[in-house]
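Below is one structure, written out as structure tokens; the observations come after it.
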Amino acid sequence: MMGKITFYEDRNFQGRSYETTQDCADMSSFLSRCHSCRVDSGCFMVYDRNNYMGNQYFMRRGEYPDYQRMGMGMNDCIRSCRMIPMHKGNFRMRIYERENFEGQMHEMMDDCDSIQERYRMSDCQSCNVMEGHWLMYEQPHFRGRQMYMKPGEYRSFSQMGMGGMGGMRFMSMRRIMDNMSM
């Protein structure tokens, strides 16, 4: 099923709107600003900079009348969005203590609310997502800033060019699934 999201210039779904079912790297050609949105179906990552850069936040089906009050850590307003395809199979990811897949390694197939408690790892600086789509969090228990990880190799979180998120550490991670509760 396709995802569908509608963005509004003002809080509480007011002002001009822009509806999309796909990725949008630069919303400025559709809206001068974006301060609220409604996700009708699917899941999306929204970003506070163009080209999927800067702070990002996961949005699932629901209404977001004023994203600044939700503790997203977004700077100004939503500038780009990416639809997250729903994965139906297994989930598998390897996390590494240091960059370039070095140091302690653990393979995960389910959510982890604290790598410190589960694996005695104080840091996670690279990963290999083999199956599924994941959300990484900078703090334990799925709190703090987030980053979306699709299948692929991530050799260095500090050099990923996340626009102001360099040096970010990940302490918990969860699978992106249809029935996730946040």
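The values are calculated or read from the model by the stated rules, or taken from the named source; none is laboratory data. Not measured: the values here are computed from a predicted model. Every residue, glycine as well, gets a Cβ built from its backbone with ideal geometry; the counts of neighbours run over all protein chains shown. Just the protein is used for accessible areas: all its heavy atoms, side chains included, with ligands, DNA and RNA removed. Shrake-Rupley method; radii C 1.70, N 1.55, O 1.52, S 1.80 Å.
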Inset, instruction - Could you tell me which residue of the range 73-90 is modelled with the highest pLDDT, considering only residues that are assigned to a loop (DSSP other than H, G, I, E, B) and either basic (Lys, Arg) or closer than 22 Å to Asp178 by Cβ (or both)? - result: Asn90
Inset, instruction - Provide a single number: the residues in the range 143-182 that are at pLDDT 70 or above, of a type outside the set (S, T, N, Q) and either surrounded by 20 or more Cβ atoms within 10 Å (Cβ to Cβ) or outside any loop (DSSP other than H, G, I, E, B) (or both). - result: 16
Inset, instruction - Filter the range 98-142 down to residues that are out of contact with any helix residue (DSSP H, G or I) (no Cβ under 9 Å at 6 or more places or on another chain), under 13 Å from Arg169 (Cβ atoms) and of a type outside the set (A, V, I, L, M, F, W, C) and give me whichever is most open to solvent (accessible area, probe 1.4 Å). - result: Arg98
